[in-house]
Amino acid sequence: MERFPALISFLLLFMATEIVTTSVERENKSSSAGLIWSTAKEEGDLVHKAGHADDSTAAADDVDGGFSSLEGMLQWAIGHSDPAKLKESAQDVQRLSPSELRQRQLEIKELMEKLKMPSEAQLMQIALDDLSNSSLSLEDRHRALQELLILVEPIDNANDMCKLGGLGVIIRELDHPDSDVRKFSAWILGKASQNNPYVQKQVLELGALATLMKLVNSSSADEATKAFYAVSALIRNNVAGQQLFFAEAGDKMLQDILSSTSMDVRLRRKAVFLVGDLAECQLENIDKAEMPFFSNQFFLKSVVDLTASSDLDLQEKALVAIKNLLQLRTTEAMVFKEFCRLDDALERMKKQLEDLMLDEDHREYVTDVESLRKEVELSFQAKLGNLRRFIILTGKNGANIEGRMVHNHLKTEWSRSR
């Protein structure tokens, strides 16, 4: 039974035309000067192939939902055709005159060109051209952006979009009056930049980071979240991007998000996750100077305070960030203890997790979070132990040195705020 009669009929006509055209081109050298048509043997071979097409090729193309070549398409058509109809199609074409045959061949080739699927690079170019059209409707603008959002996910496509000049087009859309257009544009930049140094460099050089950071303050939670996603993608594992982020007061942006309980929880999760990621990146690049905000006690307290959240996912991400921050050279144990009250926060969280353990549905996840909490507690105690050993070795008064460290931090922060 034929599953796609229209497509099969077209392919059979194409096949028959090609066969007959080949025969026409073989001129009969006899005195009759007639044309040599397909012999009975050739027709027999064609009918024979209909019953014995390469099953593996036909099946593979059928499963994929597409064809890797014209030959694969023809084999599929033969395998899904009626042998009698195949022979009839060949005979119908044989009755055409040479001029009619050539005309039919041109028509078929023109149709074959229309059936060709554009490459992903061509699809991106079409979408970018649409976005460059100032008269494009808002609905079509959304559609073009959504298409690009899918297309830029593979790293090769993201690089191709750069070469097509697409980054400039998308960055311009960040200033569009429609919130969804800005949201999709930020999302595209984030996807294209994710773990892609080539695209990260291009986007940073085009000055998009500052614009994206402003969008993080959007009243639309979706727009703000996608803008923050793009910021994170741009600076993750990118030291130059991180320095630019700090120069644009990125530490203040993070602290504002972490400190605001009214902020969308998705944004707070992304923010504290980025803090942990930045700290980890710093640990991996020990030859680089640590960013000043890592030792800012108000910043550190905004991270520690997240352990009191009712959102367990947010608490877990905060623990990861604290664990990494504790390992940095410039963070001081006494700031975590005296100013951030980390020991009290960890103890309070321990009791909360014990209560949550009673719920069987969440017990496994809560157990994992408790294991992480214990790791943080051990790291904190180790950092405090290092301080105590330093005090003993130097013979200094513990209370005085601890108090002086906190005092110096307060003095530094007061000076910065002026």
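The values are calculated or read from the model by the stated rules, or taken from the named source; none is laboratory data. Only a predicted model underlies this, so the values are computations on that prediction, with no experimental measurement involved. Note that we place each Cβ from the backbone using ideal geometry, even for glycine, and neighbour counts take in every protein chain shown. Ligands, DNA and RNA are excluded from the accessible area calculation, which covers all protein heavy atoms including side chains. Shrake-Rupley method; radii C 1.70, N 1.55, O 1.52, S 1.80 Å.
Observations on the model:
- Screening the stretch 108-139 for residues that are among the acidic types (Asp, Glu) and at pLDDT below 80 and picking the one that is surrounded by the most Cβ atoms within 10 Å (Cβ to Cβ) gives Glu110.
- When the helices (runs of 4 or more DSSP H) confined to the stretch 158-274 are screened for residues that are open to solvent by less than 50 Å² (accessible area, probe 1.4 Å) and farther than 25 Å from Phe298 by Cα, those reaching at least 1 such residues are found at 166-173, 179-193, 197-205, 208-215, 221-235.
- Residues located in the stretch 181-221, provided they are within 19 Å of Asp264 (Cβ to Cβ) and in contact (Cβ under 8 Å) with a residue 40 or more places away in the chain: Arg182, Lys183, Phe184, Ala186, Trp187, Gly190, Met213, Leu215, Val216, Ser220, Ala221
- Tally of residues being aliphatic (A, V, I, L, M) and under 17 Å from Phe299 (Cα atoms) across the stretch 275-286: 3
- Of all the numbered requirements in (1) farther than 29 Å from Glu364 by Cα; (2) without any contact (Cβ under 8 Å) to a residue 24 or more places away in the chain, Ser295 misses one, and that requirement is (2).
- Glu290 being surrounded by 16 or more Cβ atoms within 10 Å (Cβ to Cβ) and at pLDDT below 95: yes
- Listing of helices (runs of 4 or more DSSP H) fully contained in the stretch 310-418 that carry 3 or more residues being of a type outside the set (Asp, Glu) and at pLDDT below 90: 363-394, 398-417
- Residue match in the stretch 314-327 (condition: open to solvent by 60 Å² or more (accessible area, probe 1.4 Å) and among the acidic types (Asp, Glu)): no
- Residue in the stretch 290-300 that is of a type in the set (D, E, K, R) and part of a helix (DSSP H, G or I) present: no
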